[in-house]
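S.K.: This is the structure I want to talk about, given as structure tokens.
What follows draws every value from the coordinates through simple rules; no lab data is involved. Everything numeric in this text was worked out from a predicted model, so none of it was measured. Backbone-built Cβ (ideal geometry, glycine too); neighbour counts: all protein chains shown.
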Amino acid sequence: MLIETKQLTKRYGKVTALAGCSLSVPAGEVLGLLGPNGAGKTTLLRVLLGYIRPSSGSATIGGFDCRRQSVQVRRRTAYLPGEVRLFGQMRGRDALRFFAGVRPGGNLRRSHELAERLELQLAPRIAAMSTGMRQKLALTATLAVDAELMILDEPTSNLDPSVRRVIAQIVDEIRRQGRTVLFSSHVLSEVEEVCDRVAFLRAGRLVHLQVMHDLKRRHRIRALLSGPLPPPPAELAAELAISREADDAVVIETPGEIAPLLRWLATLPLREMHVQPVGLRSLYDRIHGEEAG
């Protein structure tokens, strides 16, 4: 495993920002981090980088202890923080040259290639750039680094949908190179698109890990019937979650292949039926709805 955390905890006085987080991430995986503000996502990332010391527990990246060997960890990591601050008087091209030369693994040619793909203008001074252009510049400097691990905290904030699609393509290319990405975002659609697994954090705790391939197999069927609902076959009953809504519609969720379910549905007195993938939104609302409840 490239990343290993065991009971990782960070407290600030009586406030627990991260509580008993145990997580393993193999090389070549894109892991999404999801949760509302204050869930512990950024705290986890900063502990991994050695910027924050944990109160207890341990974390390693590539076998190096994130607290005692943080310099070795950061040599193998490229990090885009959620709040980027750049040198306002520099021009874009000078900033890329600076970041490419300041650390091992920097690549100015690669920076210029990424700048072109992101349609980033390099001539203006950073202080005169729009918020979106500054975000593109920070992304370009980060993604150009040939690092084992990319940590991207809200990488597409302030970016338009077309640029977000390009970022998704670049993250996929990084994965295909066998490198690892931690991708923290509030944009569920892009997490769904780029991530292999998603870790849900709530109030500092890791509450759920979801394999995206498995989630994409799950479906939600909403049906209106002209007669009573017969019980499902025994081989389906254990897998299905069946409920009723206020308008007496039947809602059926299946965690696996939909084909056997459709054969049963074809025998029902259906008036109307809608089938849709469960998706991250449904899962996110369920997990964080439990907290509100």
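S.K.: For a protection proxy built on the mean count of beta-carbon atoms within 10 angstrom, sort 142-153, 108-119 highest first, please. Walk me through the intermediate numbers first.
M.R.: Details: 142-153: 21.3, 108-119: 16.5.
Ranking the peptides 142-153, 108-119 by packing returns 142-153, 108-119.
S.K.: Now for a separate question. Work out the length of the dipole vector of the chain about its Cα centre, built from +1 on the beta-carbon of each Lys and Arg and -1 on the beta-carbon of each Asp and Glu, and round it to the nearest 20 debye. List each step's numbers first, then the result.
M.R.: Values: 41 positive and 31 negative charges, 303 e Å.
Computed about the Cα centre, the dipole is about 1460 debye.
S.K.: Roughly what angle does helix 131-143 make with the longest principal axis of the chain, taking Cα atoms, 0 to 90 degrees, to the nearest 10?
M.R.: Once rounded, the angle reads 80 degrees.
S.K.: Tell me the angle of helix 161-176 to the major Cα principal axis of the chain, expressed in degrees between 0 and 90 and rounded to the nearest ten.
M.R.: In the chain, helix 161-176 runs at an angle near 80 degrees to the longest axis.
S.K.: Right, something else. So how tilted is helix 279-292 from the main axis of the chain? Cα-based, degrees 0 to 90, rounded to 10.
M.R.: Taking Cα atoms only, the helix is inclined about 90 degrees.
S.K.: Also: Sort 55-65, 30-40, 235-245, 269-279 by packing, meaning the average of other beta carbons within 10 Å per residue, with the highest value first. All intermediate terms of the calculation are to be shown ahead of the outcome.
M.R.: Values: 55-65: 17.4, 30-40: 20.5, 235-245: 11.4, 269-279: 13.5.
With the highest mean Cβ count within 10 Å placed first, the list reads 30-40, 55-65, 269-279, 235-245.
S.K.: Could you tell me the extents of region 142-206's C-alpha atoms along the three principal axes, largest first, rounded to whole Å?
M.R.: 33, 28, 19
S.K.: I need the calculated FRET efficiency for the pair residue 226 and residue 203, taking r as the beta carbon distance and R₀ as 41 Å, to the nearest 0.05. Write out the running numbers ahead of the final one.
M.R.: Values: r = 45 Å, r/R0 = 1.11.
The computed FRET efficiency comes out at 0.35.
S.K.: Compute the distance from the alpha-carbon center of region 65-143 to that of region 188-232, in whole Å.
M.R.: Each part reduced to its Cα centre gives a spacing of 35 Å.
S.K.: Then there is this: Once you have the Kirkwood Rh of region 63-140 from its Cα pairs, apply Stokes-Einstein at 10 °C and 1.306 mPa s and quote D in µm²/s. Don't skip to the end; give the middle numbers.
M.R.: On the way: Rh = 13.5 Å.
Here the translational diffusion coefficient equals 118 µm²/s.
S.K.: Obtain the radius of gyration and the Kirkwood radius of region 62-218 from its C-alpha atoms and give Rg over Rh. Mind dumping the intermediate values first?
M.R.: Working: Rg = 16.3 Å, Rh = 16.6 Å.
With Rh from the inverse mean 1/r over Cα pairs, Rg/Rh is 0.98.
S.K.: Taking Cα extents along the principal axes in Å as the quantity of interest, determine which of (i) 48, 43, 34; (ii) 72, 49, 44; (iii) 71, 43, 33 was computed from the displayed structure.
M.R.: Evaluating Cα extents along the principal axes in Å on these atoms matches (iii).
S.K.: How large is Rg/Rh for region 191-289, to two decimals, with Cα atoms and a Kirkwood Rh? Show your work: numbers first, answer last.
M.R.: Details: Rg = 15.3 Å, Rh = 15.0 Å.
Using Cα coordinates only, the ratio equals 1.02.
S.K.: Below 30 Å Cα-Cα, how many Lys pairs turn up in the chain? Only count pairs eight or more apart in sequence, or on different chains, if you could. Don't skip to the answer; put the middle values down first.
M.R.: Values: 6/14; 6/41; 6/216; 10/41; 14/41; 41/136; 41/216.
Total qualifying Lys-Lys pairs in the chain comes to 7.
S.K.: Based on the alpha-carbon gyration tensor of region 227-276, what equivalent-ellipsoid semi-axes (square roots of 5 times the eigenvalues) come out, in whole Å, largest first? Write down the numbers at each step before the final one.
M.R.: Numbers: eigenvalues 57, 30, 26 Å².
So the equivalent ellipsoid measures 17, 12, 11 Å along its semi-axes.
S.K.: Continuing with this model, one more query. List the equivalent ellipsoid semi-axes of region 1-108 in whole Å, largest first, each obtained as the square root of 5λ for an eigenvalue λ of the Cα gyration tensor. The partial results should precede the final answer.
M.R.: Working: eigenvalues 152, 61, 34 Å².
Values for region 1-108, descending: 28, 17, 13 Å.
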